[in-house]
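**Student:** Have a look at the structure that comes next, please.
The values are calculated or read from the model by the stated rules, or taken from the named source; none is laboratory data. Predicted model, so just to flag it, every value in this text is computed and none were measured. We place every Cβ from the backbone using ideal geometry, glycine too, and count neighbours over all the protein chains shown.
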Amino acid sequence: MDIEVWNSKVDFLAVVNECFSEAERSYWQALPDNKKQAVFYRFWTRKESFAKAVGSGITLGVAQVITSLNGTACFVSIPVSYGSACDWTVVDLDVGQGITGALTVDVRYKAQGEILKVNSLSLESSGLKP
């Protein structure tokens, strides 16, 4: 899981160029300026939550972790050493204004004999929001 508080001092372009795939980079660059920060953090938290889920941190090369550009959150591609993108579920967390989060789960793990399914999570609806 990764949760980020938006920080406008981040050099978004440098991070995008280093850590986003070509498709993600093109999509982000084509956005109007008032949408770029939100989309940056959406992509970033998905990538970082995956890196944390596999225990490697961002050193795994998060540009290889490619997420859906719009619509339902999912991984389009991941490094081959971590299985198939369909082995993983990513959920965008509704944390609040100016805060973005994502949760990544390896769906190959079983919980009480059933495949773990994660569809959506809102901290507010779960009672976790302060």
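**Student:** For region 1-102, please list each of the helices (runs of 4 or more DSSP H) lying entirely inside it that holds at least 1 residues being among the β-branched types (Val, Ile, Thr) and surrounded by 15 or more Cβ atoms within 10 Å (Cβ to Cβ).
**Tutor:** Of the helices (runs of 4 or more DSSP H) lying wholly inside region 1-102, those with at least 1 residues that are among the β-branched types (Val, Ile, Thr) and surrounded by 15 or more Cβ atoms within 10 Å (Cβ to Cβ) span 12-19, 33-53.
**Student:** For the list (1) farther than 23 Å from residue 94 by Cα; (2) modelled with pLDDT under 95, I need the number of the one condition that residue 62 fails.
**Tutor:** For residue 62, the exception is condition (1).
**Student:** Also, I was wondering about something else. Only one of (1) at pLDDT below 50; (2) of a type in the set (Asp, Glu); (3) under 17 Å from the mean Cα position of the chain (by Cα) is not met by residue 94, so which one is it?
**Tutor:** (1)
**Student:** Give the number of residues within region 22-46 that are within 21 Å of residue 106 (Cβ to Cβ) and without any contact (Cβ under 8 Å) to a residue 40 or more places away in the chain.
**Tutor:** Qualifying residue count, region 22-46: 1.
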